[in-house]
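Engineer: This is the structure, below, for whatever I ask next.
The values are calculated or read from the model by the stated rules, or taken from the named source; none is laboratory data. If you're wondering where the values come from, they're calculated on a predicted model, not measured in any experiment. With ideal geometry, Cβ positions are generated from the backbone for all residues, glycine too; neighbour counts draw on all protein chains shown. When the accessible area is computed, the model is the full protein with side chains, heavy atoms only, and any ligands, DNA or RNA have been set aside. Shrake-Rupley method; radii C 1.70, N 1.55, O 1.52, S 1.80 Å.
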Amino acid sequence: MNPWRQLLEVQALDTSLTQLDHREAQLPARAELAAVEDQLAALRAEVVAAEAEKHVIDKDQTRIEDEIASIEDKIASADRQLYSGSSDVKELQALQDEIAALKRRISALEDQELELMEQVEPIDQRLAGLAERRAALDEQAVSLTAGIAEAEADIDRERAEVRSRRDEATAGIDPAALEEYEAVRGRLGGVAVARLEHGSCGACHMKLSAVEHDRILHLGPDEPVRCEDCGRFLVRD
Ligand SMILES: [Zn+2]
């Protein structure tokens with residue numbers, strides 16, 4: 001018998017499989033996840049920039065603290081000399097002047113350090129805000145990923161069901177016809193066979209010429225018929 005009638009059913013199942021592939025590739029959650037991942041990447045770049053800014057300030061702060069420590073050593077040493085029992089008034093005065101000058105220097109450095117700490121504060125606030133946004137986006141990404149996995153599992157189940165129906169539908173079809181079906185499908189956008197509907201091709205929708213339509217009507221029921229226009233096989237009722 002004409003295998004194209006059976007292949008029309010196979011065609012419907014193959015079209016379902018194509019639609020399932022398309023649905024899987026085009027899951028809205030996938031685009032949403034990509035958008036969230038873009039936002040996370042931008043956020044990470046912001047974090048890196050803020051941390052670099054903070055690092056520069058931290059280094060300045062360390063440098064100032066080291067300088068203060070070294071000045072404190074100098075003060076301690078001058079203090080020791082001051083109380084070493086010397087009675088040279090000039091020398092003692094010079095030491096006192098030096099200590100006073102060193103203390104002024106420390107005070108200036110401490111002011112600088114305070115300024116740096118004030119600069120760090122808004123950066124820390126920015127980092128805290130970024131961490132908060134990142135946590136929210138991470139949460140969104142996790143939930144979208146779970147949603148995608150669930151949708152994929154649903155699609156896989158549907159696909160397995162359609163495939164098993166396809167196996168049943170292809171059983172008993174002449175392998176040569178099946179091969180031709182696959183070849184035409186490969187050439188013509190996945191559709192090899194369509195129904196002849198009111199004298200038109202169900203795939204490309206071109207109306208058959210009156211002569212061709214008349215010819216078809218007089219063919220035996222098992223004679224294969226092809227659309228004059230797209231070349232697909234046509235199944236008539
Ligand atoms: Zn056609």
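Engineer: Looking only at region 201-222, which residues have a backbone nitrogen under 17 Å from a spot 7 Å from the Cα of Glu228 in the C-beta direction?
Structural biologist: Zone members listed by number: 201-219.
Engineer: Which whole-angstrom value gives the distance between the alpha carbon centres of region 111-182 and region 197-224?
Structural biologist: Spelled out, the Cα-based centre of one part sits 47 Å from the other.
Engineer: How about Lys59: which lysines have a C-alpha closer than 26 Å to its C-alpha, ignoring those fewer than 8 places off in the same chain?
Structural biologist: Qualifying lysines at Cα under 26 Å: Lys74, Lys103.
Engineer: Kindly state, to the nearest 0.05, the FRET efficiency for Arg80 paired with Arg104, given R0 = 25 Å and r defined as their beta-carbon distance.
Structural biologist: Numbers: r = 20 Å, r/R0 = 0.81.
After rounding to 0.05, the efficiency reads 0.80.
Engineer: With contacts defined as alpha carbon pairs under 8 Å and 6 or more residues apart, what's the relative contact order of the chain in percent?
Structural biologist: Values: 178 pairs, mean separation 80.2, N = 237.
Once divided by the residue count of the chain, the mean separation gives 34 percent.
Engineer: Additional query: Run the numbers for Glu212 and Asp73: contour at 0.36 nm per residue of separation, minus the present Cα-Cα distance, in nm. Each step should come with its number before you reach the end.
Structural biologist: Details: separation 139, 0.36 × 139 = 50.04 nm, distance 10.85 nm.
Length gained, Glu212 through Asp73: 39.2 nm.
Engineer: Turning to a different aspect of this structure: To the nearest 10 square angstrom, how much accessible area does Ile57 have with a 1.4 angstrom probe?
Structural biologist: 10
Engineer: A follow-up question, please. How much accessible surface does Ser143 have with a 1.4 Å probe, in Å² rounded to 10?
Structural biologist: 80
Engineer: If you plug each phi of region 139-152 into the Karplus form 6.51 cos²θ - 1.76 cosθ + 1.60 with θ = phi - 60°, what whole-Hz ³J(HN,Hα) values come out, in order, with x for Gly and Pro?
Structural biologist: Coupling constants for region 139-152: 4, 4, 4, 5, 6, 5, 4, 5, x, 5, 4, 5, 5, 5 Hz.
Engineer: Also, I was wondering about something else. Express the carbon and sulfur contribution to the solvent-accessible surface of region 75-163 as a percent, rounded to the nearest whole number, probe 1.4 angstrom.
Structural biologist: On the way: 3120 of 6070 Å².
With neighbouring chains kept in place, the figure for region 75-163 is 51 percent.
Engineer: Still on this structure, I have one more. Can you compute the label reach from Ala141? Point 7 Å from Cα along the Cβ direction, backbone N cut-off under 16 Å, restricted to region 23-61.
Structural biologist: Under cut-off, by backbone N: 30-48.
Engineer: Could you state how much accessible area Glu180 has, in square angstrom rounded to the nearest 10, with a 1.4 Å probe and all protein chains kept in place?
Structural biologist: Ignoring ligands and nucleic acids, Glu180 comes out at about 80 Å².
Engineer: Ranked from the most accessible area to the least, with a 1.4 Å probe and all protein chains present, what is the order of Cys201, Cys230? Numbers along the way, then the final one.
Structural biologist: On the way: Cys201 0, Cys230 30 Å².
Reading off the accessible areas and sorting them downward yields Cys230, Cys201.
Engineer: If you count only protein heavy atoms with a 1.4 Å probe, what accessible area per residue comes out for the chain, rounded to a whole Å²?
Structural biologist: Result: 63 Å² per residue.
Engineer: Taking only DSSP H segments of four or more residues, each worth -39500 (n - 2.57), what value at 222 nm results for the chain once the sum is divided by all its residues, to the nearest 500 deg cm²/dmol? Each step should come with its number before you reach the end.
Structural biologist: Numbers: 5 runs with 180 residues, N = 237.
The per-residue figure over the chain is -28000 deg cm²/dmol.
Engineer: Further, regarding this structure: Counting only protein heavy atoms, what percent of the accessible surface of region 175-223 is carbon or sulfur at a 1.4 Å probe? Numbers along the way, then the final one.
Structural biologist: Numbers: 1730 of 3040 Å².
The computed percentage sits at 57.
Engineer: Taking the radius of gyration and the Kirkwood hydrodynamic radius from Cα positions alone, what is the Rg/Rh ratio for region 67-160, to two decimal places? Write out the running numbers ahead of the final one.
Structural biologist: On the way: Rg = 31.7 Å, Rh = 19.2 Å.
Using only Cα positions, Rg/Rh for region 67-160 is 1.65.
Engineer: If r is the Cβ-Cβ distance from Asp237 to Glu158 and R0 is 35 Å, what FRET efficiency results, to the nearest 0.05? Present the calculation step by step, with values, prior to reporting the outcome.
Structural biologist: Values: r = 29 Å, r/R0 = 0.82.
E(calc), rounded to 0.05, equals 0.75.
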